[in-house]
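Beneath this line is the structure, given in structure tokens, with notes to follow.
The values are calculated or read from the model by the stated rules, or taken from the named source; none is laboratory data. This one's a predicted model, so the numbers in the text were calculated from it and none came from an experiment. Heads up, the Cβs are rebuilt from the backbone with ideal geometry, glycines too, and the neighbour counts pull from every protein chain shown. Heavy atoms of the whole protein, side chains included, go into the accessibility calculation; ligands, DNA and RNA do not. Shrake-Rupley method; radii C 1.70, N 1.55, O 1.52, S 1.80 Å.
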Amino acid sequence: MKMTIGEIVKAINASLEDQSDEVLQTEVNGVCFDTRKLTPGQLFIPLQGDHDGHDFIENAVKGGARATLWGRDHIDRLPVSIPALVVDDPLQAFQKLSRYYLTKINPRVIAITGSNGKTTTKDMIASVLDDEFNVTKTHDNFNNEIGVPYTILQMESNTDFLVVEMGMDRPGQLDFLSKLVSPDVAVITMIGEAHIEFFGTRDKIADAKMEITHGLKADGYFIYDGDEPLLRERAESLDFAKMTFGRNQTNDVYAVSTSDGQFRTSFEVNLWPDKKITIPMMGDYNVNNALAAIAVGKLFRIPEIEITQKLAHFDLTKNRTEWLTGTKGEKILSDVYNSNPTAAREVLTAFSQTPVVGRRIVVLGDMLELGNQSPQMHASLAADIDSNAIAAVYLIGKDMQALYEKLKPFFAPENLHYYQADQLQQLSEDLKRDLQPNDEVMLKASHGIHLEKIVAKLTA
Ligand SMILES: CC(=O)N[C@H]1[C@@H](OP(=O)(O)OP(=O)(O)OC[C@H]2O[C@@H](n3ccc(=O)[nH]c3=O)[C@H](O)[C@@H]2O)O[C@H](CO)[C@@H](O)[C@@H]1O[C@H](C)C(=O)N[C@@H](C)C(=O)N[C@H](CCC(=O)N[C@@H](CCC[C@@H](N)C(=O)O)C(=O)O)C(=O)O
Ligand SMILES: Nc1ncnc2c1ncn2[C@@H]1O[C@H](COP(=O)(O)OP(=O)(O)OP(=O)(O)O)[C@@H](O)[C@H]1O
Ligand SMILES: C[C@@H](N)C(=O)N[C@H](C)C(=O)O
């Protein structure tokens with residue numbers, strides 16, 4: 001992104017003391033809200049976290065910030081060494097600037113949400129489009145009221161498509177994000193139980209997910225999991241053009257056959273009979289993510305051969321069904337970015353079918369934000385852990401105790417381990433000790449449990 005300070009001042013209606021041409025014509029080359037990642041020439045945006053971003057202005061200046069937004073309630077500490085664009089609320093100004101920039105660049109916008117599969121589907125869609133078009137996509141998991149404006153402001157001036165992931169954990173959030181980006185295409189991958197603590201039922205999660213259509217352009221497309229009744233019944237009342245994907249043959253795009261592999265999954269799709277499509281990852285559920293990407297590719301007339309090739313090779317964001325090798329040579333399936341019952345069940349099913357020379361070992365951490373249903377939801381995973389397929393289980397977190405109790409009758413004590421949430425270090429040491437070169441170990445937990453620290457130790 002390149003904009004002059006004068007353009008930014010106008011776009012967000014900021015106050016600026018020094019209105020000299022020299023200042024107004026100064027160009028910034030990006031935005032940053034974390035001085036630890038700031039590069040010279042950027043506009044610093046002080047946001048509120050546990051600390052106040054305004055407290056890091058000296059770091060911003062040292063880091064080469066060319067200008068900064070500045071909250072009016074901090075006017076007593078107005079910086080003088082770099083232009084300070086004074087606004088009522090830096091976050092709202094950040095969002096307003098992103099809206100202005102989006103309108104200026106005017107790409108086609110594909111917005112993706114869903115309880116699971118957002119990041120994977122986003123990566124697949126971006127890959128399918130990026131030969132024919134200039135694509136900017138969400139990086140990492142930057143999918144909320146900060147992450148989406150940040151993604152918008154990453155666009156270059158020649159961006160044709162913005163492929164943006166949208167997350168939510170409260171009603172109203174997707175309404176805001178959808179109206180911020182005015183998508184040409186809105187995609188819902190599926191409805192699970194993520195963040196059900198704040199909704200109570202999957203029905204209410206579906207209502208919140210449907211908010212992604214609130215900003216959809218009148219001639220836009222709504223693409224969704226047609227096998228999900230909660231989405232089908234809500235889509236019926238919408239006037240938008242629609243495309244469905246899934247396994248039922250009533251869908252516009254459906255998988256005809258699938259074959260699961262450890263490192264790749266193949267399937268055929270109704271659009272191109274007898275043509276095998278391969279994705280470089282395990283998990284039958286990822287076929288659905290690929291079907292959504294195929295629907296988008298078809299919508300924008302990407303040739304079938306190109307869609308197939310791009311799905312076979314795309315850069316999946318880390319910590320999602322990612323195979324790694326441990327220091328002893330053991331195979332590690334790292335799926336540690338987040339977890340919820342549907343996602344955990346899907347990965348356990350896929351992992352239990354992988355070919356293995358040694359033992360299959362499962363490491364599961366708490367699934368957060370499930371509310372008062374959480375213990376039962378944790379215990380329910382016992383149905384997906386077959387002691388004939390899984391040799392040993394390691395569980396960590398308060399609610400994983402419910403699963404631990406459920407599994408006791410099926411595993412010898414030496415093969416069933418339970419750890420309190422603050423015993424991550426002990427779990428790590430025990431796994432380091434117990435894992436053997438021929439083992440395969442899968443790890444999955446909510447972000448807040450930080451199993452990525454264990455993956456780092458096992459692969460260091
Ligand atoms: C505001 C901010 O930057 N927060 C990030 C910060 O949090 P923290 O409270 O630790 O900030 P600090 O108190 O340290 O600092 C305050 C600000 O000052 C900046 N700063 C600090 C030190 C310094 O030396 N220089 C500085 O400039 C600092 O950058 C702050 O701005 O750090 C955390 C750890 O890195 C970040 O996690 C935190 O990021 C917040 C959470 C955030 O929203 N980041 C977005 C870019 C984002 O999209 N993050 C996603 C997570 C999104 C998510 O959880 N999505 C959910 C659903 C959506 C729910 C939504 N309501 C929500 O809660 O987010 C999902 O299910 O996907 C990500 O990173 O994964
Ligand atoms: N279509 C799907 N159906 C069910 N589970 C899925 C699906 N796609 C992915 N998953 C599971 O969800 C995990 C996270 O995938 P991904 O990061 O793509 O989803 P996400 O919606 O971005 O998740 P989060 O909101 O936690 O970032 C995967 O590793 C897998 O366990
Ligand atoms: C940050 C919050 N929206 C989130 O993603 N919570 C999950 C459940 C976690 O922290 O693991």
* Counted charge near Ala111, where neighbours are those whose Cβ lies closer than 13 Å (Asp, Glu -1; Lys, Arg +1) -> +3
* Stretchable slack from Thr349 to His313, in nm (0.36 nm times residue separation minus alpha-carbon distance) -> 10.6 nm
* **Vicinal HN-Hα couplings computed from phi for the range 69-81 (Karplus, 6.51 cos²θ - 1.76 cosθ + 1.60; Hz; Gly/Pro x)** => 6, 8, x, 4, 6, 10, 4, 5, 10, 4, x, 10, 8
* Asked: What residues qualify as long-range amide H neighbours of Lys398, i.e. H under 5 Å apart, gap of 5 or more or another chain, H built at 1.01 Å from N?
  -> Ala421
* Have a look at the DSSP beta bridges in the chain and tell me what percent are antiparallel, nearest 5. => 25 percent
* Global geometry of the range 3-88, whether rounded, prolate or oblate, following the gyration tensor of its Cα atoms and the 1.5 cut on a/c -> oblate
* Asked: With +1 on each Lys and Arg Cβ and -1 on each Asp and Glu Cβ, how big is the dipole of the chain about its Cα centre, in debye rounded to the nearest 20?
  -> 640 debye
* Protein accessible area in the chain, 1.4 Å probe - carbon and sulfur % -> 48 percent
* Dipole of the chain [Lys/Arg +1, Asp/Glu -1 at C-beta], most positive-end residue of Ile279, Pro40, Gln25 -> Ile279
* Asked: Say R0 is 41 Å: what FRET efficiency, to the nearest 0.05, do Leu324 and Asp89 get from their beta-carbon distance?
  -> 0.45
* Asked: Lys2: which aspartates and glutamates have alpha carbons under 12 Å from its alpha carbon, excluding same-chain residues fewer than 8 sequence positions away?
  -> Glu27, Glu156
* Structure fact -> Taking alpha-carbon centroids only, the range 309-379 lies from the range 136-171 a number of Å equal to 25 Å
* Per residue accessible area of the chain, 1.4 Å probe, in Å² -> 42 Å²
* To do: Multiply the residue gap between His51 and Lys408 by 0.36 nm, knock off their C-alpha separation, and tell me the result in nm, one decimal place.
  => 124.1 nm
